[in-house]
1. Taking into account only those residues within the range 146-171 that are of a type outside the set (D, E, K, R) and without any contact (Cβ under 8 Å) to a residue 12 or more places away in the chain, which is surrounded by the most Cβ atoms within 10 Å (Cβ to Cβ)?
2. Identify all residues within the range 101-110 that are closer than 20 Å to D161 by Cα and in a helix (DSSP H, G or I); write none if there are none.
3. Could you please find all residues in the range 27-54 being outside any loop (DSSP other than H, G, I, E, B), surrounded by 18 or more Cβ atoms within 10 Å (Cβ to Cβ) and among the aliphatic types (A, V, I, L, M)?
4. Those residues that are over 18 Å from C283 (Cβ atoms), in contact with a helix residue (DSSP H, G or I) (Cβ under 9 Å, 6 or more places away or on another chain) and in a helix (DSSP H, G or I), I need them from the range 219-241; list them, please.
5. Filter the range 55-72 for residues that are within 26 Å of the chain's Cα centre (by Cα) and modelled with pLDDT under 85; which is surrounded by the most Cβ atoms within 10 Å (Cβ to Cβ)?
6. Given (1) modelled with pLDDT of 75 or more; (2) out of contact with any Lys or Arg (no Cβ under 7 Å at 6 or more places or on another chain), where does E278 come up short, assuming only one miss?
7. Give the residue, chosen from A32, A75, that is over 20 Å from V134 (Cβ atoms), in contact with a strand residue (DSSP E or B) (Cβ under 8 Å, 6 or more places away or on another chain), at pLDDT below 90 and not charged (D, E, K, R).
8. Between E189, E174, E143, which is among the charged types (D, E, K, R) and touching a residue at least 40 places away in the same chain (Cβ under 8 Å)?
Amino acid sequence: MKDKTKKELTDELAHLRRLYAHRKAGAAQIRAALWAMNSSEDIGTFLKTFFEVTQELCPALVACSATILNDKQDAGTTYWFTKQTIKKFSIDRESLAGSPVERSWRHREIVYRPDLRHQDPYGELALFGSSSTVRCILDVPYENGTLAVNSSQPNAFSTDDIEMLQEISSLLSEAFKRIEDIQTLADKEVQLRESQKIEALGQLAAGIAHNFNNALLVIMGNVDLTLYTASDEQRLLLQEANRSAQRAADIVDQLMVYAHHGKPTAREPVDIYKVAEEVINICRNTFDRKITISLEANSQLTTLGHAGDLQQMLLNLCYQRPRCPRRGRPRNTRAAHSPGQS
């Protein structure tokens, strides 16, 4: 073997220094592109930078791609960059099964096909088509998928190139972890804003409930006093007014619970028949007189719950019926209760 001259050694050393400096500068560009990513859709910008840096080191580079895989769906998306254009296409479960991408990602191993014309274990030449110049492919795994480079020359990638791609893949994993952290932070910010909105609504509800409760105390107090001197006919009307005021007080209690200034009341036995009778009386006094209202129910029906909630539900049901279109025949509204339900 012929010994190298001093000039040859000097030139080789200078070349290695330039190569090292270029790779260091390229790594800085790639790192900057990765850290500029805010979502997986930004990977196109990274691929453009990655392609430009890698092509200077490997002029025969034809394309590069990044595949993002979803383990839960067993599918993914590939971003393919070549000739200043980027293409995005989905990979379904059938296409992914048995592919070099799946092997590289699932087993966390490098899948290198140095010369497809000599050995094509995955039938990739047929997939690329006869016009394709791709001859050498290298897949390197990262946390969320694989990073691949394609060359028109056989045995295009050296051990140093593979090591560099592994370093970039590690950076890509970190970039995706950062994207996940950004998304988690954004979700928490949304939750915080919603929490602040609910808190503001709670304070508003508490203020309304407090003022409304003061007005109800005056109304109910005056009604109670008037009951002592009222006639029998007036007494019935005043008792109905008192019950309505009590229902309004129950609504205030619900507002206070919503505003976190009160505690939910425990469920208690509720006489369904009695509540239904009260609803019927309210409806008879407020609905059109042409509407006939009757109650068909077992007078022994009870349940566990809140009488105010049940009354509100029945009132809503009854209030909706008069709005339904007439069809020239009587309309019935029925509510069924099964034993054991609450």
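The values are calculated or read from the model by the stated rules, or taken from the named source; none is laboratory data. Since the model is a prediction, treat every value here as computed from it, not as a measurement. When we count neighbours, we look across all protein chains shown, and the Cβ atoms used for this are built from the backbone with ideal geometry, even at glycine.
1. Step one: list which residues in the range 146-171 are of a type outside the set (D, E, K, R), which gives 146-159, 162, 164-166, 168-171.
Applying the additional criterion that residues be without any contact (Cβ under 8 Å) to a residue 12 or more places away in the chain yields 158-159.
Numbers: S158: 11, T159: 7.
Ranking the qualifying residues of the range 146-171, first place goes to S158.
2. V101, S104, W105
3. Within the range 27-54, I30, A33, L34, I43, L47, V53 meet the criteria.
4. Passing the criteria: I219, M220, V223, D224, T226, L227, Q234, R235, L238.
5. Taking the range 55-72 as the starting set, the residues that turn out to be within 26 Å of the chain's Cα centre (by Cα) are 66-72.
Filter once more, so that each one left must be modelled with pLDDT under 85: 70-72.
Numbers: N70: 12, D71: 10, K72: 6.
Checked the range 55-72; the qualifying residue surrounded by the most Cβ atoms within 10 Å (Cβ to Cβ) is N70.
6. The one condition E278 does not meet is (2).
7. A75
8. One residue alone meets the criteria, E174.
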